[in-house]
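Peer 1: Just passing along the structure, written as structure tokens.
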Amino acid sequence: MGIQIALDPPSTSENLDRQIGQGLRRLRQGRGWSLEELAARSGVSRATLSRLENAEVSATATALCKLASAFGLTASRLLHQVESEAAPLVRRAEQPVWEDPASGFIRRAVSPPAQNLAGEVIEGALSAGTIISYDLPPKPGLEHHLVMLEGALALTVEGLTHHLGPGDCLRYVLHGTTRFETPPMSGARYLIFMV
């Protein structure tokens, strides 16, 4: 039997969906973009954007990545936009947790939100047998340091696959496609330090 990863339960999704929707609307309107213009820039349909802004659906990791790219932000920064500036210390119980409804990917924003700081840390958790692919990075040239905490992960960066286990650290720069895949019998929990 493989390692079973203990995942923290996500925050109340309804409240987070509402915050994300309001944050997306503020960002879009702040740029003076219509729903049609954001749809054209992001590749996310106008209907989906409207439903996201009205908290009628939960955002998937793919949609967030496309929207972050359209705004020139990382997905973490995009999610931080839905919250106000925080104190420099954030306790684990207060760290925002988001779950991708399509894949079950769980993402915890470890770093306190701060608009003016370059680096940030997220914790990711994938259950066994999960595959998540990203066609383009939200921000080309973004440096990642992925540190495995538990489980096993095959991470493919621009066609090169790295098999990672507990304690392994992979440094890479995002320019193209990435794919995260866990084996059928083991999930993965990791930290990503982004600069």
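Peer 1: Take Leu191 and tell me if it is surrounded by fewer than 17 Cβ atoms within 10 Å (Cβ to Cβ) and under 20 Å from Glu94 (Cβ atoms).
Peer 2: On the way: surrounded by fewer than 17 Cβ atoms within 10 Å (Cβ to Cβ): yes; under 20 Å from Glu94 (Cβ atoms): yes.
Criteria met by Leu191.
Peer 1: Only one residue in Leu160, Leu170 is within 30 Å of Phe71 (Cβ to Cβ), loosely packed, with under 14 Cβ neighbours inside 10 Å and not assigned by TED's automatic domain parsing to the domain that holds Leu73. Which one?
Peer 2: Leu160
Peer 1: Looking at the stretch 173-188 only, could you name the residues that are closer than 25 Å to Ser69 by Cα and either part of a strand (DSSP E or B) or at pLDDT 95 or above (or both)?
Peer 2: The initial filter retains those residues of the stretch 173-188 that are closer than 25 Å to Ser69 by Cα, namely 173-181.
Scanning the stretch 173-188 gives Val173, Thr178, Arg179, Phe180, Glu181.
Peer 1: Right, something else. Before we move on, is Val147 of a type in the set (A, V, I, L, M, F, W, C) and touching an Asp or Glu at 6+ places or on another chain (Cβ under 8 Å)? Please lay out each step first, then the result.
Peer 2: On the way: of a type in the set (A, V, I, L, M, F, W, C): yes; touching an Asp or Glu at 6+ places or on another chain (Cβ under 8 Å): yes.
Spelling it out, Val147 is indeed of a type in the set (A, V, I, L, M, F, W, C) and touching an Asp or Glu at 6+ places or on another chain (Cβ under 8 Å).
Peer 1: Considering the stretch 101-130 alone, what residues qualify as being modelled with pLDDT of 90 or more and charged (D, E, K, R)?
Peer 2: Within the stretch 101-130, Arg107, Arg108, Glu123 meet the criteria.
Peer 1: Can you tell me how many residues in the stretch 100-158 are over 19 Å from Asp168 (Cβ atoms) and in contact with a strand residue (DSSP E or B) (Cβ under 7 Å, 6 or more places away or on another chain)?
Peer 2: 14
Peer 1: Something else: For the stretch 135-157, how many residues are touching a helix residue (DSSP H, G or I) at 6+ places or on another chain (Cβ under 9 Å) and surrounded by 15 or more Cβ atoms within 10 Å (Cβ to Cβ)?
Peer 2: Qualifying residue count, the stretch 135-157: 4.
Results for (1) surrounded by fewer than 20 Cβ atoms within 10 Å (Cβ to Cβ); (2) within 25 Å of Pro140 (Cβ to Cβ); (3) modelled with pLDDT of 85 or more, shown as yes or no for each residue.
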position	(1), (2), (3)
Ala39	yes, yes, yes
Asn54	yes, no, yes
Thr74	no, yes, no
His80	no, yes, no
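Peer 1: The conditions are (1) closer than 27 Å to Arg92 by Cα; (2) not polar (S, T, N, Q); (3) not in a strand (DSSP E or B), and Leu136 fails exactly one of them. Which is it?
Peer 2: It is condition (1) that Leu136 fails.
Peer 1: Something else about it: Taking the conditions exactly as written (of a type in the set (Ser, Thr, Tyr) and exposed (fewer than 14 other Cβ atoms within 10 Å of the Cβ)), does Ser103 satisfy them or not? Spell out the reasoning first.
Peer 2: On the way: of a type in the set (Ser, Thr, Tyr): yes; exposed (fewer than 14 other Cβ atoms within 10 Å of the Cβ): no.
Against the criterion (of a type in the set (Ser, Thr, Tyr) and exposed (fewer than 14 other Cβ atoms within 10 Å of the Cβ)), Ser103 does not qualify.
The values are calculated or read from the model by the stated rules, or taken from the named source; none is laboratory data. Keep in mind that what you see is a predicted model, and the values were worked out from it rather than measured. Methodologically, a virtual Cβ is constructed for each residue, glycine included, from the backbone with ideal geometry; neighbour enumeration extends over all protein chains shown.
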